[in-house]
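In what follows, a structure is listed as structure tokens, so that the remarks can point back to it.
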Amino acid sequence: MELTQKLTDAFNAQIKAEMWSANLYLSMQVYFQDIGLSGCANWMKKQTAEELTHAYKLIDYGIQRGGKIFIDKIDAVPTSWESPQAVFEHVYKHEKHVSQLIDNLADLAIEEKDKATQEFLRWFISEQIEEEDNVKSILDKFRIYGVHGLYCIDKALGKRD
């Protein structure tokens with residue numbers, strides 16, 4: 001079964017969203033480098049690569065299933081934030097948004113009766129649970145330690161592989 005036109009369109013939109021996410025995290029990496037938080041910058045660098053991996057997975061699957069996949073224009077991303085904590089609050093809000101996009105894509109696969117795509121998207125659903133949880137954990141540390149714990153948070157985030 002080939003991807004329906006609706007699913008192809010939705011895949012192209014999700015690829016664009018994943019690439020926008022990669023640019024967002026790259027912008028956040030630059031922000032952290034500019035203010036001297038190399039651990040936070042490292043975490044964002046890894047996050048950028050992860051988002052690109054998500055886009056590649058969607059691209060490869062879409063092509064494999066006969067969809068007409070294309071790379072669309074990526075809109076500009078924010079370049080500044082009020083504080084390091086505000087950056088991670090933005091990340092958390094954004095990951096919740098991406099989770100909704102993935103849920104919508106999964107709902108469309110059900111509507112289109114495409115079981116292979118439903119199965120493919122299960123990985124993304126699980127991945128989004130992990131994404132939200134990881135960022136929530138960082139925000140919890142900000143809430144517990146406040147700005148005084150920024151050194152420890154930065155050091156811990158610098159260890160992300």
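The values are calculated or read from the model by the stated rules, or taken from the named source; none is laboratory data. No experiment lies behind these values; they were computed from the predicted model shown. As a convention, Cβ positions derive from the backbone with ideal geometry for all residues, glycine included, and neighbour counts pool all protein chains shown. Ligands, DNA and RNA are stripped out before the accessible areas are found, and what is left, the full protein with its side chains, is counted by its heavy atoms. Shrake-Rupley method; radii C 1.70, N 1.55, O 1.52, S 1.80 Å.
Taking the conditions exactly as written (crowded, with 18+ Cβ neighbours inside 10 Å, modelled with pLDDT under 95 and more than 14 Å from the chain's Cα centre (by Cα)), does Leu105 satisfy them or not? Criteria not met by Leu105.
Condition check for Ala49 on (1) more than 13 Å from the chain's Cα centre (by Cα); (2) closer than 20 Å to Leu157 by Cα; (3) not polar (S, T, N, Q): one failure, at (1).
Conditions (1) closer than 24 Å to Phe124 by Cβ; (2) assigned to a helix (DSSP H, G or I); (3) aromatic (Phe, Trp, Tyr), marked per residue:
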{"residue": "Ala13", "(1), (2), (3)": "yes, yes, no"}
{"residue": "Met28", "(1), (2), (3)": "yes, yes, no"}
{"residue": "Lys46", "(1), (2), (3)": "yes, yes, no"}
{"residue": "Ala55", "(1), (2), (3)": "yes, yes, no"}
{"residue": "Ile63", "(1), (2), (3)": "yes, yes, no"}
{"residue": "Gly67", "(1), (2), (3)": "yes, no, no"}
{"residue": "Phe70", "(1), (2), (3)": "yes, no, yes"}
{"residue": "Ala86", "(1), (2), (3)": "no, yes, no"}
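Within the set of pairs 6+ apart or on separate chains, which have a first residue in the stretch 138-156 that is over 15 Å from Val87 (Cβ atoms), a second that is in a helix (DSSP H, G or I), and C-beta atoms under 6 Å apart? Note: pairs meeting the criteria are Lys155/Gly39. Candidates in the stretch 39-73 are the residues that are of a type outside the set (Gly, Ala, Ser) and open to solvent by less than 10 Å² (accessible area, probe 1.4 Å); of these, the one that is nearest to Ala22 (Cα to Cα) is Glu51. Among the candidates Glu130, Glu95, Glu119, the residue that is open to solvent by less than 20 Å² (accessible area, probe 1.4 Å), free of Cβ contacts under 8 Å to residues at least 60 places away in the same chain, in a helix (DSSP H, G or I) and closer than 30 Å to Thr4 by Cα is uniquely Glu95. In the set Val87, Val147, Val91, Val98, only one residue is modelled with pLDDT under 95 and either touching an Asp or Glu at 6+ places or on another chain (Cβ under 9 Å) or of a type outside the set (Gly, Ala, Ser) (or both); that residue is Val147. Being open to solvent by 40 Å² or more (accessible area, probe 1.4 Å), hydroxyl-bearing (Ser, Thr, Tyr) and closer than 29 Å to Leu150 by Cα, is that true of even one residue in the stretch 31-38? Within the stretch 31-38 (the criterion being open to solvent by 40 Å² or more (accessible area, probe 1.4 Å), hydroxyl-bearing (Ser, Thr, Tyr) and closer than 29 Å to Leu150 by Cα), the answer is yes, since at least one residue qualifies.
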